[in-house]
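Structure, as structure tokens:
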Amino acid sequence: MIHSLFLVNPSGDIFLEKHWKSVVSRSVCDYFLEAREKALDPEDVPPVISTPHHYLISIYRDKLFFLSVIQTEVPPLFVIEFLHRVAEMIQDYFGECSETVIKDNVVMVYELLEEMLDNGFPLATESNVLKEMIRPPTILRSVVNTLTGSSNVGDKLPTGQLSTIPWRRAGVKYTNNEAYFDVVEEIDAILDRTGTTVFAEIQGVVEACVKLSGMPDLTLSFMNPRLLDDVSFHPCVRYKRWESERVLSFIPPDGNFTLMTYHVNAQNLVAIPVYVKHSINFFESGSGGRLDLTVGPKQTMGKTVEGVLVTVHMPKTVLSVSLNATQGSYTYDNATKVLVWDIGKLNPQKLPNLRGSLSLQTGAPKPEENPSLNIDLKIQQLAISGLKVNRLDMFGEKYKPFKGVKYITKAGKFQVRM
Amino acid sequence: MLCFHVCAGEIFELKAELNSDKKEKKKEAVKKVIASMTVGKDVSALFPDVVNCMQTDNLELKKLVYLYLMNYAKSQPDMAIMAVNTFVKDCEDPNPLIRALAVRTMGCIRVDKITEYLCEPLRKCLKDEDPYVRKTAAVCVAKLHDINAQLVEDQGFLDTLKDLISDSNPMVVANAVAALSEIAESHPNSNLLDLNPQSINKLLTALNECTEWGQIFILDCLANYAPRDDRESQSICERVTPRLSHANSAVVLSAVKVLMKFMEMLPKDLDYYGTLLKKLAPPLVTLLSAEPELQYVALRNINLIVQKRPEILKHEMKVFFVKYNDPIYVKLEKLDIMIRLASQANIAQVLAELKEYATEVDVDFVRKAVRAIGRCAIKVEQSAERCVSTLLDLIQTKVNYVVQEAIVVIKDIFRKYPNKYESVIATLCENLDSLDEPEARAAMIWIVGEYAERIDNADELLESFLEGFHDESTQVQLQLLTAIVKLFLKKPTETQELVQQVLSLATQDSDNPDLRDRGYIYWRLLSTDPVAAKEVVLAEKPLISEETDLIEPTLLEELICHIGTLASVYHKPPSAFVEGSRGVMHKRLPARTGSLVSVIPSHTLSFFLGGDIGGSAAMGAGFGAVPAVMPASLNAPMGGGLGDLFDLGGGVGMPLGAYIPPKTVWLPAMKAKGLEISGTFARRAGVIQMELTLTNKAMSVMTDFAIQFNRNSFGLAPAGPLQVLSPLSPNQTIEVSLPLSTVGPVMKMEPLNNLQVAVKNNIDVFYFSCQYPISMLFVEDGKMERQVFLATWKDIPNENESQFQIKDCHLNSDAASNKLQASNIFTIAKRTVEGQDMLYMSIKLSNGIWVLAELRVQTGNPNYTISVKCRAPEVSQCVFQCCEAVLKN
């Protein structure tokens, strides 16, 4: 099982170590640091590395490496999932996951890690169970603690630990009972030079924020559930009901959680909300070139496209750019060769355009590789797949909750080849 | 690595605070200590002061002290004992949280004295009324087993653990399964997880109710079950399928493993079989939208799944298209799967993508994309023409590494479709000068040699390479030699001088045995019988196929059983690399009931023939193919030399018993107050045993025997207590066999195989030292792959090679090989040169060190020469002594 955990910052310093079995010397990280040196980007470090006596499984998240050491055969996905859970726990407790925050709360992080695994086996990873064992820091509580001498560590067995619904604690009470659901869809797409879709799919997620007293039993139904190609559920969702009736029936955890994620990859269902007209030319002589970009709305279902941001990875020899944007502003980073054009809201009447000249390193030949263009965007009040929530019903409790559903569409990995 | 030390002043200050009367101050001090500990500073000096804080009703303080204890108890075992009382008391606490915490922490303190006290509390906790305590105790059994396996067995904890599988609480069941699985890993032959339909039913029930992690343990355990028939198989599959929709990707992949395995038993015409196939695709696709690290593991597994059951993902090609911001390790894996899924139906799309990738920035990725185009051409015949023209386009870009990769793959295309695309040779020749990588140079030389009759200036081209012959890599040298011989056979008149030149370069001026051997063979062939030479060298080569990239079917079957594990990431069987998995059982897919299909592939054979000599499979280059087409008449003038050279099968004879040296007296009675010990060492069925004869030559009864080893070179340690159950009366002799493990502490001894032993009885403690034959450390899986052997032999520097003489040995080489094999010295290959048999042998020591050896046996000469090569040259002497002892007995 999971033997040890090391947290490593981007410059290669180990700033926290935790061992769940015998202590493994931190020199084992040298193999990892070596691989880190070799990789161009921190993202490119291979997630599984073998050393003579151990295996190192790591994730790169929030600009930190979470590096675990294992000695026997353990499912790597199990380890990776757990590491992500650690990062989420830190985020959840301290509001952000960064070296500073971890260093400031090092003892509490250490205590939490001890609660999460026992002998390398997961013990308590549900946020609500952890929070009953070790209460998250608040200014008020630390004042109270100093005055009364009480502590942050719960001395009762968390109720969720053993029940068949470990995700919910008992005795939840709210004065305002409310349940909000956000349907968030991301479009992953590759468009080729002519604008034809090479590949497109939608990754959807239903995020919930449920603040309901007692033990509510909810049912959420969609207008068009057959749209979804694949779904994964939070453990609270009753799978049998979904199989037979296509409704989500569940006793929700308290607070924020991901109810389900889904996938739509029938190509004809994936609408592409924007188009890009682009031309990039380099002169045969090799001294420079020209760039011309225009972005316009395509299938937007009548909604406004906002937050448009175009990122172009230029060939290595492009030294500087001199461009003119009709809307928004652009920056060019010579070190990373990335051109970022922040457009903002798309106005269908007056399409934003960016054009001008590129200059190359003197003596460099005409670049061979094609630059690639990525787009970020946002559309409020629209799930691009057309998915719609039909109704939400509550059973098991008497009060009338406040309910709300919000839709939003974003670009995921949305790439245009130039 | 930086070394952290806490300065004395800081320690002093903390000490004062820890001993403060104020609770709050104490707690803050312990927190400071823990904070130092987490960043790797050494605060072990505060041990007594921290332990003093343990007796408290403040749970947070208690937990903090426990954290400290777990980290440092091992370095301060005597002081750790101070904590025992508190633990034992806490195990009786009315609060289940405290009981569980105590038993959990105690199990983490790896000190023998503490584990003795752990047994009673643990026994109670395993039967505790509170399931939270029971589930914690289950894990504690696994911890204790790791520290002292014997104790766990003696105390009957394993049976209690097995009972917990039927516990009413699903979390307890899951933890019991997890603990048993971990214990079972170190006891491969025990039937700890003896699954029957009843227990399977319990597991399936618990599966629905336990946490996500518990589900992983249970699914992995289920995967080891062998259903009785297809109906049981189907019902398990039906109950596992809902797990495919779990948010945790590890649960999904473990479920995929169970389904892939049990599907094997379902009849293919069953409706349910089709339904199941359809259900597998979407979750696999969804895994690819997760974080990149998860994607990587998923892709490695999908790679296996598409080889076993291509139909599952055949319509999902597009999800494997590479995105610009995928990390490189994801890109490379996706590319591999794209090729595996390529078919006539989607080849146009795939090629368009690959061409796109070939213009990206990342060099590794571009190279692989170019290779992928070549693999497409070989896999999908209809696309070959389009692939070749795409490759030619890429060559036109003149980007150096693209050109070189393209030439390497075009050579493979020539071998798959001979006499079809040779018109492009002219274009290739234009790029001759820009090739600086050995593989590309070798490929180009092969092309020139193979098609010498179509290239007017072939001799000039090859001659130009010859100038720097000695600076070329072996691969290029071998290829150049073959190519020039081919050229000579095709155009004998103009190239006589050239062939002379290359033969003398290869045979006289080179130190490389492979090159020399190949040179001599050509030389002899050409001088004895040029017609036969032509038949051999210019023989028609077998076509290559895409199968060279596929995983060998038996290995694939095993890997499918290990989906989701490290083995599946490395595409190697677990036995090949997981340390500490002693003799892992090979898993096989269940066979369909009633069908008697053998799965041993004819393909394995071609794999060996194609791959052995030339390096890459496709590089067989006319030479690998020789034995298949060699005319029988050729054997005679060569004195059987060629035949033997290719008969690399290695003599596998009847297994003989491993060599066991006779017992010698290690401890004479005079030195040990009447106790005489003689003994020897043996390796039986993979277990090292110390076989002792104890004789009581004193006048009184001897009891209470115990044995201990000093640290030694290979970490030998007794794996159990010395089993002298009844007292040894005067003049009585008993034989004891003590199993040894190799996981003890290591210290280099002089001589290397020296072992210092202490034996205790009721009278005194006695010390002696003995030497063990190193052959008992030779493990059973010490047979190296041939390619690996060649590479390793070259890789080990020459100064690590030592040569020894074995005198007066009257065995022939086959008998010697059999004898050595019985002691786990494996013959990898044998060849005969000028009446001298050369055996190439590999040995693997229990600590993972490989030893390679070459044994020369000359017919009629009783003196053998053995050359030993090893990365740790200090073992060579011992290995030689062993070989000598084995051969002479």
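The values are calculated or read from the model by the stated rules, or taken from the named source; none is laboratory data. This is a predicted model, so every value here is computed, not measured. Positions of Cβ are generated from backbone atoms using ideal geometry, with glycine treated the same way; all protein chains shown enter the neighbour counts.
Couple of notes before you dig in:
- Residue match in region A:351-368 (condition: at pLDDT below 95, within 14 Å of chain B (Cβ to nearest Cβ), under 20 Å from A:Ala189 (Cα atoms) and surrounded by fewer than 19 Cβ atoms within 10 Å (Cβ to Cβ)): no
- Candidate set from region A:246-288 (those that are small (Gly, Ala, Ser) and more than 21 Å from B:Ser289 (Cβ to Cβ)); member that is farthest from the chain's Cα centre (by Cα): A:Ser285
- For region B:29-77, the set of residues classified as within 44 Å of the chain's Cα centre (by Cα), more than 18 Å from B:Ile109 (Cβ to Cβ) and among the hydrophobic types (A, V, I, L, M, F, W, C) consists of B:Ala35, B:Val39, B:Ala45, listed by residue number.
- A:His3 being over 26 Å from the mean Cα position of the chain (by Cα), at the interface with chain B (Cβ under 8 Å from one of its Cβ atoms), closer than 14 Å to A:Leu113 by Cβ and in contact (Cβ under 8 Å) with a residue 12 or more places away in the chain: no
- Qualifying positions in region B:338-365 - buried (at least 20 other Cβ atoms within 10 Å of the Cβ) and over 26 Å from B:Lys308 (Cβ atoms): B:Tyr357, B:Ala358
- Of the numbered criteria (1) in contact (Cβ under 8 Å) with a residue 60 or more places away in the chain; (2) in contact with a Phe, Trp or Tyr (Cβ under 9 Å, 6 or more places away or on another chain), the one B:Tyr840 fails is (1).
Residue-wise test of (1) at positive phi; (2) surrounded by fewer than 18 Cβ atoms within 10 Å (Cβ to Cβ).
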residue: A:Asn9; (1), (2): no, yes
residue: A:Gly12; (1), (2): yes, yes
residue: A:Trp20; (1), (2): no, no
residue: A:Ser27; (1), (2): no, yes
residue: A:Leu40; (1), (2): no, yes
residue: A:Phe66; (1), (2): no, no
residue: A:Gln91; (1), (2): no, yes
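- Sole exception among (1) more than 14 Å from A:Gly120 (Cα to Cα); (2) surrounded by 24 or more Cβ atoms within 10 Å (Cβ to Cβ); (3) not small (Gly, Ala, Ser) for B:Tyr117, by number: (2)
- Figure legend. Inter-residue proximity from region B:80-107: first residues more than 19 Å from A:Glu114 (Cα to Cα) and touching a residue at least 12 places away in the same chain (Cβ under 8 Å), second residues of a type in the set (D, E, K, R) and surrounded by fewer than 21 Cβ atoms within 10 Å (Cβ to Cβ), beta-carbon distance below 6 Å, spacing 6+ or different chains. Indicated pairs: B:Ile81/B:Lys113.
- For region B:292-304, the count of residues that are outside the structural domain of B:Thr397 (by the TED database), free of Cβ contacts under 8 Å to residues at least 12 places away in the same chain and not in a loop (DSSP other than H, G, I, E, B) is at least one.
- Among (1) within 14 Å of chain A (Cβ to nearest Cβ); (2) crowded, with 19+ Cβ neighbours inside 10 Å; (3) farther than 22 Å from B:Leu158 by Cβ, the one test that B:Asp220 misses: (3)
- Taken over region B:223-272, the criterion of being part of a helix (DSSP H, G or I), more than 14 Å from chain A (Cβ to nearest Cβ) and surrounded by 17 or more Cβ atoms within 10 Å (Cβ to Cβ) is satisfied by B:Asp230, B:Ser233, B:Gln234, B:Ile236, B:Cys237, B:Leu259, B:Met260, B:Lys261, B:Phe262, B:Met263.
Residue-by-condition table, conditions (1) at pLDDT below 85; (2) charged (D, E, K, R):
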position: B:Ile521; (1), (2): no, no
position: B:Glu540; (1), (2): yes, yes
position: B:Leu543; (1), (2): yes, no
position: B:Thr548; (1), (2): yes, no
position: B:Leu566; (1), (2): no, no
position: B:Glu579; (1), (2): yes, yes
position: B:Gly583; (1), (2): yes, no
position: B:His586; (1), (2): yes, no
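- Qualifying residues in region B:131-140 (those that are among the aliphatic types (A, V, I, L, M) and facing chain A (nearest Cβ under 10 Å)) - the one surrounded by the most Cβ atoms within 10 Å (Cβ to Cβ): B:Ala138
- Entry remark, region A:90-135: residues being free of Cβ contacts under 8 Å to residues at least 12 places away in the same chain and within 11 Å of chain B (Cβ to nearest Cβ) number 3 in total.
- Filtered by the rule that a residue be within 8 Å of chain B (Cβ to nearest Cβ) and among the aliphatic types (A, V, I, L, M), region A:58-69 gives a lone residue, A:Ile59.
- Residue in region B:414-424 that is closer than 22 Å to B:Ile337 by Cβ and either of a type in the set (Lys, Arg) or modelled with pLDDT of 85 or more (or both) present: yes
- Residues that are in contact with a Ser or Thr (Cβ under 7 Å, 6 or more places away or on another chain) and hydroxyl-bearing (Ser, Thr, Tyr) are absent from region B:46-65.
- Qualifying residues in region A:109-150 (those that are surrounded by 18 or more Cβ atoms within 10 Å (Cβ to Cβ) and hydroxyl-bearing (Ser, Thr, Tyr)) - the one modelled with the lowest pLDDT: A:Ser127
- Filtering B:Ile521, B:Ile544 for residues that are of a type in the set (Val, Ile, Thr), touching a residue at least 24 places away in the same chain (Cβ under 8 Å), buried (at least 18 other Cβ atoms within 10 Å of the Cβ) and within 30 Å of B:Val380 (Cα to Cα) leaves a single hit, B:Ile544.
- Count of region B:122-174 residues which are modelled with pLDDT under 90 and touching a strand residue (DSSP E or B) at 6+ places or on another chain (Cβ under 7 Å): 0
- The condition of being surrounded by fewer than 18 Cβ atoms within 10 Å (Cβ to Cβ) and modelled with pLDDT of 85 or more holds for only one of B:Pro94, B:Pro77, that being B:Pro94.
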